[in-house]
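These notes concern the structure reproduced below.
The values are calculated or read from the model by the stated rules, or taken from the named source; none is laboratory data. Because the structure is a prediction, the values reported are computed rather than measured. FYI the Cβ positions are ideal-geometry reconstructions off the backbone, even for glycines, and counts take in every protein chain you see. Side chains included, ligands, DNA and RNA excluded: accessible areas come from the protein's heavy atoms. Shrake-Rupley method; radii C 1.70, N 1.55, O 1.52, S 1.80 Å.
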Amino acid sequence: MTFDKIVFGIALVALLAAGAANAAEYEVVQKNKAFSPKELNIKVGDTVKFTNEDNFFHNVFSLSDLKTFDLGSYPKGEFKSVTFDKAGKVEVECAIHPSMLMIINVQ
Amino acid sequence: MKLKGDKLARNLLLASVVALGACATTAQSEQEQRLVFEAGHPSLQYWLLPDKPPYPKDNEPTAERIALGKQLFFDPRLSRDGNISCASCHNPMLGWSDGLPTGRGFRGALLGRASPTVINTAYNSIQMWDGRKKDLEDQAIGPMEASVEMNTDFDQMFRFLRNNEGYRTAFAKAYPGEEINKETIAKAIASYERTVISNDSPFDRWIKGDKSAMTEQQVRGFKVFVDPDKGNCEICHSAPNFTDNGFHNIGLASVDGGKGDPGRFAHKPIKILKGAFKTPTLRDITLTAPYFHDGSAKTLMEVVEHYVKGGEVKENLSPNIKPLHLTQQEKEDLVAFMEALTTDHEPVTLPKLPLK
């Protein structure tokens, strides 16, 4: 990732986070058919945005007891966000590529 | 990565938007220039398969395990009627498949999907058209348990194997101290299947540096295959085994947007998976017609024409599928390239099955 892209990413997420007083925003990227990071610790009320950085479509979903969602599929450069409102462990996957799996620990 | 906002970041944002435009253009052209289509070029080496496929820690392939697995694979006596073996549907004379649009099972029952080839399944990270089995050990007993396939009577089968001196000896050598049970049967069959490998095709030899291994037309077809603006095939039929081990609804008429065979959706109820099936390998593809999970394409050109159209049924179509703009020459080049993916295998020898 180039410096410019990093700055752009930081700035963009910062803007999105500005609206929520206490809650934080985290970014998870889908790159080379893997989630990065593979494990994330957040607090109740925090939001995670999932950004696709691959040249093809990815999906983001969870069928965890704690949080069930399906963000659909989207191409490179696009993202969707999820706010986690209960404490526990959430497994996040890509339906298209089942080897893509990550864990979010909501504390 | 945790990120916090401040004014500086907002100001940087505006500057970065302009910079990002420049980066995107650079990245795109970098990607186009990334591959050099010359035999043996370093940029293409990611297409070579590892020499040996992976295996589970508790089932390292040994000569004894492979030999036992081969006997079990070809032995019809594992089925309820004693007339269907693994090789009935995964026949090495027919590319380890059966040449049928969809398989035939117990007493000729018509099955819903094509028999997938065994070739290079050892490299797959997930098994079956709908991914319901995780590895070869997990898969091997499935057809015996299926009432429409081998429909095995397990009490009868275990009696047969445990009372057969040849098999008792073979199991004792392969898995000393372990019982003859579903687990050891599955492990042995999986060990044998891991020897069914295609990794010495003209394409492989060309990637390794043999200029004469592929024709000019086949090299052109390779370019069409990987070009995102042409065939765009690589995004799913990815290196090195020509599969992303992923699931896609490719718009087949029989799937009917997911109203037909639900495919992966039956196991993962996520909308995009309605009518989605696993990307099959293209290695040895000339040996495994007809094509697609429903066997609806008789030739590789029919497959190409399907993708040029962008699928028959657009409902719940994979977003990675879009109509392609290919000339007749490019279509023919693509087919010629796929014909370079078949290894010239040594003939398969048959095992002697122990009668008692």
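Per-structure values
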read-out: Virtual spin-label span in nm between B:D256 and B:A146, 7 Å along Cα→Cβ; value: 2.2
read-out: Area of B:C89 that stays accessible when all protein chains are in place (1.4 Å probe, Å², to 10); value: 30
read-out: A/B buried area, accessible surface, summed, 1.4 Å probe, Å²; value: 2800
read-out: With all protein chains modelled, accessible area of B:I250 [1.4 Å, Å²]; value: 30
read-out: Size of charge dipole - segment B:113-159 - debye, nearest 20, with Cβ of Lys, Arg +1 and Asp, Glu -1, no other charges; value: 160
read-out: Apportionment of accessible area to carbon and sulfur, the protein assembly as shown, percent (1.4 Å); value: 54
read-out: Percent antiparallel among DSSP beta bridges (both partners in the protein assembly as shown, rounded to 5); value: 70
read-out: Segment A:56-92 versus segment B:298-322: alpha-carbon centroid distance in Å; value: 28
read-out: Stokes-Einstein D (µm²/s) once Rh is taken as the Kirkwood radius of the protein assembly as shown over alpha-carbon pairs, at 20 °C in 1.002 mPa s; value: 88
read-out: For B:R104, residues with placed amide H under 5 Å, excluding near neighbours; value: B:L111
read-out: Charged-residue dipole, Cβ positions (Lys, Arg, Asp, Glu), the protein assembly as shown about Cα centre, Debye nearest 20; value: 860
read-out: Solvent-accessible heavy-atom area per residue, rounded to whole Å², over segment B:57-193 at 1.4 Å; value: 43
read-out: Entries of B:K134/B:K208; B:K70/B:K182; B:K259/B:K314; B:K52/B:K134; B:K134/B:K173 with Cα pairs more than 24 Å apart; value: B:K134/B:K208; B:K134/B:K173
read-out: Reduction of at least 40 Å² in accessible surface, 1.4 Å probe, comparing all protein chains with the chain by itself, residues of segment A:86-107; value: A:A95, A:I96, A:P98
read-out: Inter-label distance for B:D210 and A:S81, nm, one decimal - labels placed 7 Å from Cα along Cα-to-Cβ; value: 5.6
read-out: Simple Cβ-charge dipole of segment B:57-193, Lys/Arg +1 and Asp/Glu -1, about Cα centre, in debye nearest 20; value: 200
read-out: Kyte-Doolittle mean at least -0.5 and Cα axial length at least 24 Å: DSSP H helices in chain B; value: B:7-34
read-out: Relative contact order %, segment B:57-193, counting alpha carbon pairs below 8 Å whose residues are six or more apart; value: 34
read-out: Listed residue pairs exceeding 19 Å between alpha carbons, taken from B:K230/B:K322; A:K76/B:K322; B:K57/B:K187; B:K230/B:K271; value: B:K230/B:K271
